[in-house]
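Here the structure comes first, spelled out in structure tokens, and everything after it is commentary.
The values are calculated or read from the model by the stated rules, or taken from the named source; none is laboratory data. Note that the structure is a prediction, hence the values are computed from the model and not measured. Cβ atoms come from the backbone with ideal geometry, glycine included; neighbour counts cover every protein chain shown. For accessibility, only protein heavy atoms count, side chains too; no ligands or nucleic acids. Shrake-Rupley method; radii C 1.70, N 1.55, O 1.52, S 1.80 Å.
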Amino acid sequence: MPAQPSTAGPGVPADAPEVPDVFDPRVHAAGPPHEAYRILRDHHPVARQAEPEVLGWPAGPGFWAVTRHADVVRVLKDARTYSSYLGATQIRDPDPADLPFVRRTMLNQDPPEHGRLRRLIARAFTPARVDAFADRVRERAAVLLRGAREDATGGVADLVTAVTDEYALLNLADLMGVPAADRGLLLDWTVRVIGYQDPDDAPEPLRGPDGRPLNPRSPALLGEMFGYARELAAHKLKHPGDDLMTALAEAGLDPAELEMFFFLLTVAGNDTVRSAAPGGLLELARHPGEYARLRDGAVDPATAVDELLRVHPPVLSFRRTAAVDTELAGQRIGAGDKVVVFHASANHDERVFADPHRLDLGRRPNPHVSFGDGPHVCLGAHFARLQLRILHEEWRAAGLPVPELAGEPRRLVSNFINGIKSLPVRVSGPPR
């Protein structure tokens, strides 16, 4: 396992294991590096990570990796000390010229401005509006699962391409009010932004005049998406519907705020379920006994969804920037330092979760941080949970067999999104 020179903090024995590398996106290509996380939690809970040049992306100054559950929650809740605004929320620093632009989105703001924008979208993104889509979500799950079985080759379907990509995309498009003819654009934009570290999704990144790769979140590469957002909002003002884009168009946002809300909904709203849905099915395929409990009604589907989210969080990491000199887990952190929380590590912290590597669909309590915590806790968590619960209910209702892997899954090369690009599963055969 790649390692970095130990930067042992106070109280760390001299013979403690070296600090493993959890920055390189390729480390995560085989799944979250749980052994590395365990070493960090046990010996280096706030560990200095190098940030070398990787896959053509330039080197950075390094950051502090935070891996214990209590420390992750502390960072996420304390926006005064750990800012989303100062350096935004991705590990790599944005281009200084782009920083004012990326700060416009709610994700990259601190209270009180964050709260103002959050309240605006919360009024549009109500549980009642989400729940009104439940019947449509259920019908879509049934149709996609039936189609996967009917179109399977040798009884095997790739659930990512046959079911979960379409499921996440079309549900979000319905909620947003995106016309059917335009829905493929949402997936294209999501793949471009989320998959930029993956050689398959971005075999040759776009480069600027200096030859350096361009960040897909930069204004230079988002013009098409923003132009579409403005056109759709104008259309909704003339032809309103019961959807998010109508609510946002009528909210009196300035153009930049509207554009960034559209960006956030398109990317975060799509990729949360796009990552979590195949991840949950993968875990059920690996634990047929737990699937049997779910199928037989021995566990509440809502409780099961939270355990699947704990084991396979859609997001691996989020960055904050220290606004002041501070101390975390005995480690001194300077103002301006990057501080990165690792959700998958926190979700497997033995200090909080008994036998954390065991899938227990009835696990209670389950204080996972897959949707974050504090002021930035995911606004779309209710919609995501609804979609995931319905997908598992409809798998059972369709009489599909126990999920069984028919090949190795292919994962996204990313230190940000816990994505699955391919999941071959046997979908024909008697239900068991």
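Label-point separation (nm) for Glu231 and Asp254, each offset 7 Å from Cα along Cα-to-Cβ?
2.5
Take Arg183, project a point 7 Å from its Cα along the Cβ direction, then tell me which residues of the range 118-154 have their backbone nitrogen under 19 Å from it.
What the label zone holds, given the 19 Å backbone N cut-off, is 130-151.
Work out the length of the dipole vector of the range 221-278 about its Cα centre, built from +1 on the beta-carbon of each Lys and Arg and -1 on the beta-carbon of each Asp and Glu, and round it to the nearest 20 debye. Walk me through the numbers before you get to the answer.
Working: 4 positive and 9 negative charges, 25 e Å.
The calculation lands at about 120 debye.
Give me the number: length gained by fully extending Leu405 to Glu350, i.e. 0.36 nm times residue separation minus the C-alpha to C-alpha distance, one decimal in nm.
17.0 nm
For the range 9-88, which trypsin sites (Lys or Arg not before Pro) are in a loop by DSSP, counting at most 13 other Cβ atoms within 10 Å?
Details: sites: Arg26, Arg38, Arg41, Arg48, Arg68, Arg74, Lys77, Arg80; in loops: Arg68, Arg80.
Passing both the DSSP loop test and the Cβ count: Arg80.
Quantify, in whole percent, the carbon and sulfur part of the accessible surface of the range 323-387 (1.4 Å probe; protein heavy atoms only). Numbers along the way, then the final one.
Values: 1270 of 2540 Å².
The value for the range 323-387 is 50 percent carbon and sulfur by accessible area.
Hey, rough spin-label estimate for Glu35 and Glu224, points 7 angstrom out along Cα→Cβ, what's it come to in nanometres?
Output for this residue pair reads 4.2 nm.
Heavy-atom accessible area of Arg104 with all protein chains present, probe 1.4 Å, nearest 10 Å²?
100
Per residue, how much accessible area does the range 68-159 show when a 1.4 Å probe rolls over the protein heavy atoms, in square angstrom? Show your work: numbers first, answer last.
Working: 4520 Å² over 92 residues.
I get 49 Å² per residue for this part.
What is the calculated FRET efficiency for Lys77 to Thr153, with r their C-beta to C-beta distance and R₀ = 41 Å, to the nearest 0.05? Before the final figure, lay out the partial values.
On the way: r = 48 Å, r/R0 = 1.18.
With a Förster radius of 41 Å, E is 0.25.
Step through the residues of the range 298-315 one at a time and calculate ³J(HN,Hα) from phi using the Karplus curve (6.51 cos²θ - 1.76 cosθ + 1.60, θ = phi - 60°), rounding each to whole Hz and writing x for Gly and Pro.
7, 10, 5, x, 5, 5, 4, 4, 5, 5, 5, 5, 4, 6, 10, x, x, 10
Set the Förster distance to 56 Å, then compute FRET efficiency between Ala398 and Asp325 from the Cβ-Cβ distance, nearest 0.05.
Details: r = 56 Å, r/R0 = 1.01.
That pair, Ala398 with Asp325, gives E of 0.50.
Please build a GNM for the chain, connecting alpha carbons under 10 Å apart, and tell me which residue among Leu253, Leu144, Leu405 fluctuates the most.
Checking each option, the largest mean-square fluctuation is seen for Leu253.
Extension gain Glu113-Val143, at 0.36 nm per residue separation less the Cα-Cα distance, in nm?
Roughly 6.6 nm would be gained on extension.
Once the Cβ-Cβ distance between Arg332 and Ala97 is put in as r, and R0 is 41 Å, what FRET efficiency do you end up with, to the nearest 0.05?
Values: r = 31 Å, r/R0 = 0.77.
According to the calculation, E is roughly 0.85.
Using Cα pairs under 8 angstrom and six or more residues apart, how large is the relative contact order of the range 56-192, in percent? List each step's numbers first, then the result.
On the way: 65 pairs, mean separation 17.5, N = 137.
Contact order relative to length: 13 percent.
With every protein chain left in place and a probe of 1.4 Å, what is the accessible surface of Lys421, to the nearest 10 Å²?
That residue has around 40 Å² of solvent-accessible surface.
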